[in-house]
Structures are given as structure tokens and as C-alpha cells.
Amino acid sequence: MDGNGRWATQRGRPRLFGHHAGAKRVREVIESCPDVGVEYLTIFAFSTENWKRTQVEVAGLMSLFRRYITKEARALHKFGARVRFIGDRVRLDAKLIKMMDDLEEMTAGNTRVHLTVALNYGGRDEVARATKRLALDVSKGLLDPDDVDEETLPKYLDTYVLPDPDLVIRTSGEARISNFLLWQSAYAEYEFIDTLWPDFSRAEFADLCAQYGGRERRFGAVKV
Ligand code: IPE
Ligand code: MG
């Protein structure tokens, strides 16, 4: 969800105004998932690098996350969204962590849309944390190093219950991955679009999903 800051600047408003506008777009994207055939939606809300922003912006974003959960939890549950959070929780404040836990617990039985929110998430950080836990299992004798392969490692990632992404959409004209689902996106299709996140619409989402449906994916093989 990139481009909130520029969207606000274009309007002569503070960056946080853009983040609030961006947050408002999330609901319609979630709610259009069943119509466009998306069962798993992952949104990148805050990266491990975003702490480098000013204290005002970081605090504003954290407060926005708390407010968003408070405001949207009921609607998400009613809609049938199962919410999960990925990322490292250690740097988040206790109040927010509790809200994240409660939302995950409340929606645990839902299946209509699997919504994953990446919060204090970084792909490299995730792989490093996974490797640490894997090494711990080896040191305890729970895992044989000979058994470490492409199937074993992802079991230690935050996304262990989720399928790999089919399509990654990045808004705001930047053609970068910025540490998002690095391992998981090895064979993802990418769409880099110019729209700033607060302008991203249900219609554009539907278009991108339809285009994706027409792509040929070979996963390194040759079509026979
Ligand atoms: C939102 O967009 C991303 C978040 C960290 C919430 P930005 O804040 O990166 O917006 P730009 O890139 O400055 O326009
Ligand atoms: Mg940005």
C-alpha cells in the first residue's frame, strides 16, 4: 500500500492525512475479494524499515493501526474474514499486540477471506527469525540438518499456514519489492501500477485480478 505520503503532499496535507485516507481503501479491497476470486489477501501495512520515519509519523501509524482494529474488527468478523498478522511483534506496543491477538482469535473460525496484515514485517527479518528457530530445533535434536530443504524452511516462516502469493500488486509507481514476502514470491506475478494507494479502487483491483487470470504461469517449466 504505497503512495499515501505523496497523495497527502499533493493536497498540501500532512503525511498522516494520506495514511488515514489509505486505511479507508482497505475495506473495499477486502470486501471485493470473493467477487474477484481472491481467497488470500496480504496487505503490507508497516515494514521493518518504516521505523526510520519521523517519530511523529511512526506514532501516528501505530495509533492508526489501533484505531483501525477497534473500528473495523466487528465488520471484518461479520464479513467472514479470518485475520492473521505476520511480522515481528517484539517492537510493537503491548496494547496493539493484545488487539492483534484478540482479532486473530475472534476471527479464527472464518473462511470467506483470509486476510493477512504484515506489520513490522520484513522478508529478510522473517527469514533470519525462521533460521534462528530452525537452528534451535537442530540444536535440540528435533531436526536433522540433512532434512533441511525447500519444504522444511518455509514451515518456520511467519506465513507457514499460507499459500505462496500468486499476484503481488505494488501501487505508486515504484518498481521495487521492498522486502515483501521474499521467499514466498519466488514465482509470483508482479503488477507495478502508478495509482497512489488512497486512489486504489475496487474496479482497479478487479481489473488486475482479471488480467492475472489471463496470464500463463510456467514455474520454470516449458509448456507442453
Ligand atoms: C504508505 O505509503 C506505506 C506505509 C508505510 C503505511 P508511504 O507512506 O510510503 O507513501 P509515500 O511513498 O511517501 O508516498
Ligand atoms: Mg512509500
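Just for region 178-194: of the residues that are within 13 Å of ligand 2 (Cβ to nearest atom) and crowded, with 16+ Cβ neighbours inside 10 Å, which one is farthest from the chain's Cα centre (by Cα)?
By that ranking, first place goes to ASN179.
Quick one: THR48 ticks every box in (1) more than 23 Å from ALA128 (Cβ to Cβ); (2) within 15 Å of ligand 2 (Cβ to nearest atom); (3) buried (at least 18 other Cβ atoms within 10 Å of the Cβ) except a single one, so which number is it?
(1)
Going through region 1-43 one residue at a time, which ones are over 15 Å from GLU72 (Cβ atoms), away from ligand 2 (no atom under 16 Å from the Cβ) and in contact with a Lys or Arg (Cβ under 7 Å, 6 or more places away or on another chain)?
Correct list: SER32, PRO34.
Per-residue answers, yes or no, for (1) within 29 Å of ARG74 (Cβ to Cβ); (2) assigned to a loop (DSSP other than H, G, I, E, B); (3) under 14 Å from the mean Cα position of the chain (by Cα); (4) of a type in the set (Gly, Ala, Ser):
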| residue | (1), (2), (3), (4) |
| --- | --- |
| LEU134 | no, no, no, no |
| ILE169 | yes, no, yes, no |
| ARG176 | no, yes, no, no |
| VAL222 | no, yes, no, no |
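If you scan region 186-214, which residues turn out to be away from ligand 1 (no atom under 16 Å from the Cβ) and in contact with a strand residue (DSSP E or B) (Cβ under 6 Å, 6 or more places away or on another chain)?
ALA188, GLU189, TYR190, GLU191, LEU208, TYR212
Evaluate region 107-116: report whether one residue or more is in a helix (DSSP H, G or I) and either crowded, with 17+ Cβ neighbours inside 10 Å or at pLDDT 95 or above (or both).
No; the residues of region 107-116 include none that is in a helix (DSSP H, G or I) and either crowded, with 17+ Cβ neighbours inside 10 Å or at pLDDT 95 or above (or both).
Please verify whether region 163-177 includes one or more residues that are surrounded by fewer than 11 Cβ atoms within 10 Å (Cβ to Cβ) and of a type in the set (A, V, I, L, M).
Checked against the condition, which is being surrounded by fewer than 11 Cβ atoms within 10 Å (Cβ to Cβ) and of a type in the set (A, V, I, L, M), region 163-177 yields at least one hit.
The values are calculated or read from the model by the stated rules, or taken from the named source; none is laboratory data. Since this is a predicted model, take the numbers as computed values, not measurements. Cβ: placed from backbone, ideal geometry, glycine included. Neighbour counts: every protein chain shown.
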